[in-house]
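Presented below is the structure to which this report refers.
The values are calculated or read from the model by the stated rules, or taken from the named source; none is laboratory data. For clarity, every value in this text was computed on a predicted model and none was experimentally measured. For neighbour counting, all protein chains shown are included, and Cβ atoms are generated from backbone atoms with ideal geometry for every residue, glycine included. Remember, those area values only see protein heavy atoms, side chains included, never the ligands or the DNA or RNA. Shrake-Rupley method; radii C 1.70, N 1.55, O 1.52, S 1.80 Å.
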Amino acid sequence: EGVRDLARRILVRQGYRVLEAPTADAAQRVWEEQQINIDLVFTDVVMPGGMNGIDLARRLKAERPGLKVIYASAYSREMLESRFAVSGPLSLLGKPYSTTQLSQAIRAMLDEERAGEG
């Protein structure tokens with residue numbers, strides 16, 4: 001909860017509108033209510049409540065294939081590939097991350113999306 005709160009405060013200070021959820025199930029409910037307003041999902045790989053962030057993103061991307069997702073994890077990419085059957089492009093923010101690293105990752109992902117529109 002503390003890490004989620006800190007990330008929210010950092011992003012709000014940067015001017016982003018943040019919708020937060022403590023579990024993947026809660027995130028799915030937020031998605032159902034707000035998906036039109038969601039440009040990017042920032043999720044931890046390991047989440048309480050049974051479903052992990054990888055599975056959450058897979059479900060959301062099934063509804064919107066171009067959805068931008070950034071994963072936070074202390075796992076290496078190799079560990080994610082073996083433990084969570086992750087393959088292909090993956091935006092991974094290693095933990096622990098700094099305010100600057102979080103801000104830069106979010107900005108870069110959103111700018112990438114805008115560059116694709118032009």
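Six or more apart or on different chains, Cβ under 6 Å: which pairs go from a residue in the stretch 57-78 that's hydrophobic (A, V, I, L, M, F, W, C) to one that's part of a helix (DSSP H, G or I)? Could you list them?
Final answer for the pair search is 60/31; 67/60; 67/61; 69/57; 70/105; 70/109.
Exactly one of these conditions fails for residue 104: (1) outside any helix (DSSP H, G or I); (2) out of contact with any Gly (no Cβ under 9 Å at 6 or more places or on another chain). Give me its number.
(1) is the only condition that residue 104 fails.
So which of 67, 6, 80 is open to solvent by less than 70 Å² (accessible area, probe 1.4 Å) and out of contact with any helix residue (DSSP H, G or I) (no Cβ under 6 Å at 6 or more places or on another chain)?
Result: 80 is the single residue among 67, 6, 80 that is open to solvent by less than 70 Å² (accessible area, probe 1.4 Å) and out of contact with any helix residue (DSSP H, G or I) (no Cβ under 6 Å at 6 or more places or on another chain).
Residue-by-condition table, conditions (1) closer than 16 Å to residue 40 by Cβ; (2) open to solvent by less than 70 Å² (accessible area, probe 1.4 Å); (3) modelled with pLDDT of 95 or more; (4) not aliphatic (A, V, I, L, M):
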position: 72; (1), (2), (3), (4): yes, yes, yes, no
position: 75; (1), (2), (3), (4): no, yes, no, yes
position: 86; (1), (2), (3), (4): no, yes, no, no
position: 96; (1), (2), (3), (4): no, no, no, yes
position: 100; (1), (2), (3), (4): no, no, yes, yes
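Name the residues in the stretch 26-43 that are in a helix (DSSP H, G or I) and open to solvent by 70 Å² or more (accessible area, probe 1.4 Å), would you?
Hits for the stretch 26-43 are 29, 32, 33, 36, 37.
Can you confirm whether residue 11 is out of contact with any Lys or Arg (no Cβ under 8 Å at 6 or more places or on another chain), surrounded by 14 or more Cβ atoms within 10 Å (Cβ to Cβ), modelled with pLDDT of 95 or more and at negative phi?
yes
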